[in-house]
Amino acid sequence: MSPPPPPAVGGPDVGVLEHEALLEGHRGGGGVPAERSRSRRGPWLVATAVAVGASVAAVVGGTDVVNAAGWPQLRRFLAAAAEPDLSGSFLALTARATLTTLAYAVLGTLGSLVIGIVGGVAASEAWWRATGAPAPAQRWQRGRGWWLASRVGLAVPRGIHEAVWGLLLLAVLGLDPLVAVLAIALPYGAVTAKVFAEILDDQPPEVHEALLAAGAGRARSVLYGLLPRALPEMISYGFYRFECSIRAAAILGIVGAGGLGFELALSFQSLRYEQMWTLLAALVVTSGAADWWGARVRARLRDPVPARRRDPVLSASLVAVVGLGVLSWTHLALDVGVLWSSRAVELGTDLLGRAWPPRLGPGGWGELVGLSLETVAMSVAAMALAAGGGAVAAVAVARRPGTGPLRRLAGGLGRGVLLVCRAVPPPVGALLVLFVLYPGPLPGAVALAVYNLGILGRLMAESLENLDEGPRRALRHQGATGSAAFLYAEVPRAAARFAAYGVYRWEVTIRETVVVGLVGAGGLGRAVAEQLAAFDYAALTTTLAALVVLTVLVDLAGSGLRRAIR
Amino acid sequence: MTGPPALAVLGGVTVRFGSRTALEGVDLRLVAGERVAVIGSSGAGKTTLLGVLNGSVAPTVGTVRLLGEDPAALGARARRELQRQIGTVYQQLHLVGPLRVIHNVNAGRLGHWSLARAAASLLRPREAEGALDALARMGIGDRAHDRTERLSGGQQQRVALARVLVQDPRLVLADEPVSALDPLRAREVVDLLTGMAAGSGRGVVVSVHRIELAGAGFDRVVGLRAGRVVLDGPPGALTPERVAELYALDPAPR
């Protein structure tokens, strides 16, 4: 008899991460023999320790890091939390800004799903295995090249952060709501296409092949043979993307696209901190509602109601999606015609002409490599801080049976702090940290660490809460103290999970370094901001290429690490 | 009064969980060195009875004396000292999968160790000889440094037995320890458990739902039906009629 499998982890944020982790888990070659993975663990642990040490040293090192003159400002910001601006006019403004951010997220997600479905089919093996050749082996030989090309084609839009897309589109389209929608739809569409392709290829192929053999044609065979079974998983992923889109839409506001992020930046610049807290609250409520909705839909898709009855939650969600889509479109008054207006075409051609061929910036290779290392160090230091702090926070706030009222109160407060940590978008966090730290990689690392601490603390707490209680209770009942039982029964089981979450967030964070860099926190993101300001698009191409390469390298290192932990 | 000391004395114990009655008016006296099999169909109250015997379930009505003490009346520290004298093997084993076998065995010593010692032991096992000896007695001395979740179900069972052995309690309780094992393995595990009583004055209580395991090796059989003790005597008293009565379908409403 083996120990029972860990119960499914629930809750909004966790749903999101679990979703990704699950997708990873059953695709990412989980079949590594146990013995081999254990023997590999040592080198990975040593490498991690060295990387963390070097990164922290690199990020913290340097003279004057703390700007003591900024403390009063930070204190003022924190004190303003007690008196958010609740005047009628500002609440109306907040409501409009929230609607704008929501509309970006809704239309961006819908756009990414359209791209995802088309691109997903085009990037699936199933599609390219169904070329006209008679024998299956020949068919695949013919289709394989196309399949690889489609995969590579999707990697580039995916590697560029949505904030950078936003800035590029801003240069071409000007201040148009379409900027934010496309900045979400393009990179998310590419990610979605990759995931959808994998979902399609995971379906049992028999029906699809039978339809092909019966001469049903490629498109119809996919439509009837693969899509119906893949649909629940695809819908579930679509909702996960929506939750991400809300946060992305807020960040896009900060780079100039309007909505909550834009108002946040304005209030920040005019030192109206009480307004910032109102806006942050609106952001928390909006993304919380999206998380809640997504979690309900996912739960329903996992355990459908008995057949032949309409599921009320899913039906209502469908109506809500259509309604939100229409509302968003009218609210933003989108005009797709902007895309082929002579001005946009002219600016676009001009930008592309100047961006190609790429060129090194004035600093040459040395600067590029230096900034790349700084970016990696920033992400590693941030994650080390976030994972360590998150683990401590998780132990403090996890809801355990049999805790006293004082513990529970402290736990509730702690969860509130974590909520604020993950609600403040990293660029806003970086601006705040820049009050008290001089520009450089350190404020970026701190901002990213605080944001991820909010996510990881919550996630780790839930994974503690969901541990099977049997082993701990068994040790308690044989006379062990609470802390000894915790040390033996909980820590070993939680540790591997915590580490895996940390690595997963690292892969996300390397992409996020660019947004804290945009506000001046260092790394390649700062170079992006400077090159954009100087219209040096040829150098920008090089910087973006370096970011894409870093992302790919971190993904590779991350999947190796996660295999070693498992 | 002479004879071996009493390990547990239950007087008129009734346990209710909400509206469900799990045990009803149970009187039971266990003495040192006794080897007791508890039998009964599932839902008869076997797990609850063992819970009362290790102090984790408090009676709704009635009195409980474990090693002469009333567990409900003890402070946290005294209660832990009592509980470390009582070892339990669970049906689900409750081992910690990612820990190495030797640490799972040493977890049996946690009631005796300080927190600092417990933490240090995770880096470099303390009292390793005792743990290795217990594992050898259970027949898996060679697996001490493997991760516990890599062991087979039968081997994990033996780790759980080794854990209770190093705990060195005066009373060993085992809740359905063999329900997941084939008959041959089940016999071996029951023999290992009853063997723990030999020469040590330790009491051993094993609940089994397969009647044929309750014979050899036990001094006494306690039969439960719908929360009541309906049979209490030597294994020889297990006549087919008594057994049929014990397992007869219960007409009582659920």
Considering the range A:528-549 alone, what residues qualify as being under 30 Å from A:Ala500 (Cβ atoms) and in contact with a Lys or Arg (Cβ under 9 Å, 6 or more places away or on another chain)? A:Leu547, A:Val548
Checking B:Ala120, B:Ala116, B:Ala131, B:Ala107 in turn, the sole residue that is small (Gly, Ala, Ser), within 13 Å of another protein chain (Cβ to nearest Cβ) and surrounded by 24 or more Cβ atoms within 10 Å (Cβ to Cβ) turns out to be B:Ala107
All but one of (1) modelled with pLDDT of 90 or more; (2) touching a helix residue (DSSP H, G or I) at 6+ places or on another chain (Cβ under 6 Å) hold for A:Gln73; state the number of the condition that does not hold. (1)
Would the range A:148-171 turn up any residue that is closer than 21 Å to A:Glu243 by Cα, among the aromatic types (Phe, Trp, Tyr) and crowded, with 22+ Cβ neighbours inside 10 Å? yes
Hey, among the residues in the range B:43-66 that are touching a helix residue (DSSP H, G or I) at 6+ places or on another chain (Cβ under 7 Å) and buried (at least 19 other Cβ atoms within 10 Å of the Cβ), which one's nearest to the other protein chains (Cβ to nearest Cβ)? B:Asn54
For the subset of the range B:10-30 comprising residues that are among the β-branched types (Val, Ile, Thr) and surrounded by 17 or more Cβ atoms within 10 Å (Cβ to Cβ), which member is farthest from B:Arg170 (Cα to Cα)? B:Thr21
Residue check: is B:Ala22 touching a helix residue (DSSP H, G or I) at 6+ places or on another chain (Cβ under 6 Å) and either farther than 24 Å from B:Arg79 by Cβ or part of a strand (DSSP E or B) (or both)? yes
Looking at this structure, is A:Arg562 under 19 Å from A:Ser463 (Cα atoms), within 20 Å of the chain's Cα centre (by Cα) and more than 14 Å from chain B (Cβ to nearest Cβ)? yes
Would you mention how many residues in the range B:167-186 are surrounded by fewer than 22 Cβ atoms within 10 Å (Cβ to Cβ) and in a helix (DSSP H, G or I)? 4
Which ones in the range A:512-553 are surrounded by fewer than 23 Cβ atoms within 10 Å (Cβ to Cβ) and under 18 Å from A:Asn452 (Cα atoms)? A:Thr551
Of these, A:Val319, A:Val284, which one is part of a helix (DSSP H, G or I) and touching a Leu at 6+ places or on another chain (Cβ under 8 Å)? A:Val284
Got at least one residue in the range B:86-102 being within 8 Å of another protein chain (Cβ to nearest Cβ) and more than 26 Å from B:Arg147 (Cβ to Cβ)? yes
Would you check if there is a residue in the range A:476-494 being buried (at least 19 other Cβ atoms within 10 Å of the Cβ), more than 14 Å from every other protein chain (Cβ to nearest Cβ) and out of contact with any Lys or Arg (no Cβ under 7 Å at 6 or more places or on another chain)? no
When restricted to B:Ala214, B:Ala226, the only residue in contact with a strand residue (DSSP E or B) (Cβ under 9 Å, 6 or more places away or on another chain) and surrounded by 21 or more Cβ atoms within 10 Å (Cβ to Cβ) is B:Ala214
Please return the ranges of helices (runs of 4 or more DSSP H) entirely within the range A:425-487 where 3 or more residues are among the aliphatic types (A, V, I, L, M). A:426-436, A:441-465
Would you confirm whether or not the range A:401-413 contains a residue that is touching a residue at least 40 places away in the same chain (Cβ under 8 Å) and more than 14 Å from chain B (Cβ to nearest Cβ)? no
Yes or no: the range A:300-310 includes at least one residue that is loosely packed, with under 14 Cβ neighbours inside 10 Å and of a type in the set (Asp, Glu). yes
For the range A:132-216, give me every one of the helices (runs of 4 or more DSSP H) that falls completely inside it and has 1 or more residues that are among the hydroxyl-bearing types (Ser, Thr, Tyr). A:136-159, A:177-202
Lone unmet requirement of (1) surrounded by 14 or more Cβ atoms within 10 Å (Cβ to Cβ); (2) without any contact (Cβ under 8 Å) to a residue 40 or more places away in the chain; (3) more than 12 Å from the chain's Cα centre (by Cα) for B:Pro240: (1)
The lone condition B:Ala76 fails out of (1) within 13 Å of chain A (Cβ to nearest Cβ); (2) in contact with a strand residue (DSSP E or B) (Cβ under 8 Å, 6 or more places away or on another chain); (3) of a type in the set (A, V, I, L, M, F, W, C); (4) surrounded by fewer than 17 Cβ atoms within 10 Å (Cβ to Cβ) is (2)
Would you mind telling me which numbered condition in (1) without any contact (Cβ under 8 Å) to a residue 60 or more places away in the chain; (2) within 13 Å of another protein chain (Cβ to nearest Cβ); (3) not in a helix (DSSP H, G or I) B:Gln155 fails? (3)
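The values are calculated or read from the model by the stated rules, or taken from the named source; none is laboratory data. These numbers come from a predicted model, not from an experiment. Heads up, the Cβs are rebuilt from the backbone with ideal geometry, glycines too, and the neighbour counts pull from every protein chain shown.
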